[in-house]
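Colleague: There's a structure below that I have some questions on.
The values are calculated or read from the model by the stated rules, or taken from the named source; none is laboratory data. Being a predicted model, the structure only gives us computed values, none of them experimental. All Cβ positions, even for glycine, are placed from backbone atoms using ideal geometry, and neighbour counts span all protein chains on display. We work out accessible area using only protein heavy atoms, side chains counted, and drop any ligands, DNA or RNA first. Shrake-Rupley method; radii C 1.70, N 1.55, O 1.52, S 1.80 Å.
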Amino acid sequence: MAKTYNIGVEATMEVIGGKWKPIILCHLRKGVLRTGELRRAIPKITQKMLTQQLRELEAANIVCRTVYQQVPPKVEYSLTDYGESLEDILHQLCVWGEENVDRRQAQGEAVKLLQWDDVAASSQQ
């Protein structure tokens, strides 16, 4: 039986939806990252959930997993060409989120946004 979607976004969300996948993808659009780097960049995700989400993205051909045969093992993740086709969508999600934080701050809400450089710097400590 054929899978039926009622609207295109349904098909998109089936692949990249959820709490963690868009966040993982936004980090990977900056370049190749190892598991530990992703884990430090997304401090609230558990190792188990990160692994699960990466496997699902890999199965959907959105993320490429490269394993280097060395000791200790080295594994890197990057976007596939197909995954890179999400660049515009991911960029717009990031911009909207930044503008939303700015709006909320202007309304007096105590909220802050760590910029990519802040996240990268904290992951190297």
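Colleague: What are the residues in the range 74-92 that are among the polar types (S, T, N, Q) and either under 11 Å from LEU25 (Cβ atoms) or not in a helix (DSSP H, G or I) (or both), if any?
Modeller: Within the range 74-92, the first condition is being among the polar types (S, T, N, Q), and the residues that meet it are 78, 80, 85, 92.
Result: SER78, THR80, SER85.
Colleague: Take the residues in the range 81-112 that are of a type in the set (Gly, Ala, Ser) and closer than 17 Å to ILE16 by Cβ, then tell me which one is most open to solvent (accessible area, probe 1.4 Å).
Modeller: Per the criteria, the residue is SER85.
Colleague: Of LEU33, LEU25, which residue is without any contact (Cβ under 8 Å) to a residue 60 or more places away in the chain, surrounded by 13 or more Cβ atoms within 10 Å (Cβ to Cβ) and either under 20 Å from GLU76 (Cα atoms) or of a type outside the set (A, V, I, L, M) (or both)?
Modeller: One residue alone meets the criteria, LEU33.
Colleague: Are any residues in the range 36-80 exposed (fewer than 12 other Cβ atoms within 10 Å of the Cβ), under 14 Å from the mean Cα position of the chain (by Cα) and among the charged types (D, E, K, R), and if so, which ones?
Modeller: LYS44
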